[in-house]
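I have placed the structure first, in the form of structure tokens, so that the comments after it can refer back to it.
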Amino acid sequence: MQVFVLGMHRSGTSLLSRLVHELGLFVGEAEELMPAQPCNVEGFWERLDVSELNEQLLELAGGSWDCPPPLRSLEATWSRAENGEVAAACDRARAIAWEAGVGIGAITNADTGTFQITAPNSTEASDTGSYDTRTIDKAITAVMAVTFRVE
């Protein structure tokens, strides 16, 4: 069975994917993985198609891998069930799972995670969340986890 490691940019997904691989679990064929780059010469150990799907979903909501969209933008994007691009992205996720020999089942767990409430353009982050009181202008980043049953 294939293991998919999902997470936000700079959250340790490459490290975790490599550890999963080193433990003998299958993370993908070599040609499916993101190639090594000067910034990560050991390789990313993450499936390129899954990373591209993540980028597509973030882009639909007005963000990117290095600039997550505001929470209200995500909510607006996902609440439009008639949005053909969102439906196409969901179909692509199902196709990736199907090619790996699994299906995406029901949600088994949803964790609200942490909120990073910082001054605009701040790079501050905390594992337990943060709330910057130095300015009334705020940027809010929500980190959430959803676990799906694999069928």
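The values are calculated or read from the model by the stated rules, or taken from the named source; none is laboratory data. What you see is a predicted model; the values in this text were computed from it and never measured. As a convention, Cβ positions derive from the backbone with ideal geometry for all residues, glycine included, and neighbour counts pool all protein chains shown.
Scan the stretch 129-151 residue by residue and report those that are farther than 15 Å from Ile104 by Cβ and either small (Gly, Ala, Ser) or at pLDDT below 75 (or both). Can you show your working first?
Taking the stretch 129-151 first, the residues farther than 15 Å from Ile104 by Cβ are 129-145.
Within the stretch 129-151, Gly129, Ser130, Ala139, Ala142, Val143, Met144, Ala145 qualify.
Under 7 Å between Cβ atoms, which residue pairs at least 6 apart in sequence (or on different chains) link something in the stretch 56-80 that is on the phi > 0 side of the Ramachandran plot with a partner that is modelled with pLDDT of 70 or more and in a loop (DSSP other than H, G, I, E, B)?
Pairs that qualify, where the first residue is on the phi > 0 side of the Ramachandran plot and the partner is modelled with pLDDT of 70 or more and in a loop (DSSP other than H, G, I, E, B), are Gly62/Pro69.
With the condition being among the basic types (Lys, Arg), I'd like the helices (runs of 4 or more DSSP H) fully within the stretch 1-104 carrying at least 2 qualifying residues.
Numbers: elements: 13-22, 48-60, 71-79, 84-99.
The helices (runs of 4 or more DSSP H) meeting that bar are 84-99.
Considering only the stretch 96-121, state which residues are at pLDDT below 85 and of a type in the set (Ser, Thr, Tyr).
Of everything in the stretch 96-121, those that are at pLDDT below 85 and of a type in the set (Ser, Thr, Tyr) turn out to be Thr108, Thr112, Thr114.
Among the listed residues Ser51, Ser11, identify the single one that is among the hydroxyl-bearing types (Ser, Thr, Tyr) and modelled with pLDDT under 85. It would help to see each step written out before you state the result.
Values: Ser51 fails: modelled with pLDDT under 85.
The conditions single out Ser11.
Looking at the structure I just gave you, is Asp111 within 17 Å of Val143 (Cβ to Cβ) and touching a His at 6+ places or on another chain (Cβ under 8 Å)? Give the derivation first.
Numbers: within 17 Å of Val143 (Cβ to Cβ): yes; touching a His at 6+ places or on another chain (Cβ under 8 Å): no.
Judged against the criteria, Asp111 is not a match.
Identify the residue in the stretch 54-74 that is surrounded by 13 or more Cβ atoms within 10 Å (Cβ to Cβ) and farther than 30 Å from Gly28 by Cα and, among all such residues, is modelled with the highest pLDDT.
Pro70
Anything in the stretch 11-44 that is at positive phi and crowded, with 16+ Cβ neighbours inside 10 Å? List them, or say none. Break it down stepwise before answering.
So in the stretch 11-44, the residues at positive phi come out as 12, 24, 28, 43.
Scanning the stretch 11-44 gives Gly28, Gly43.
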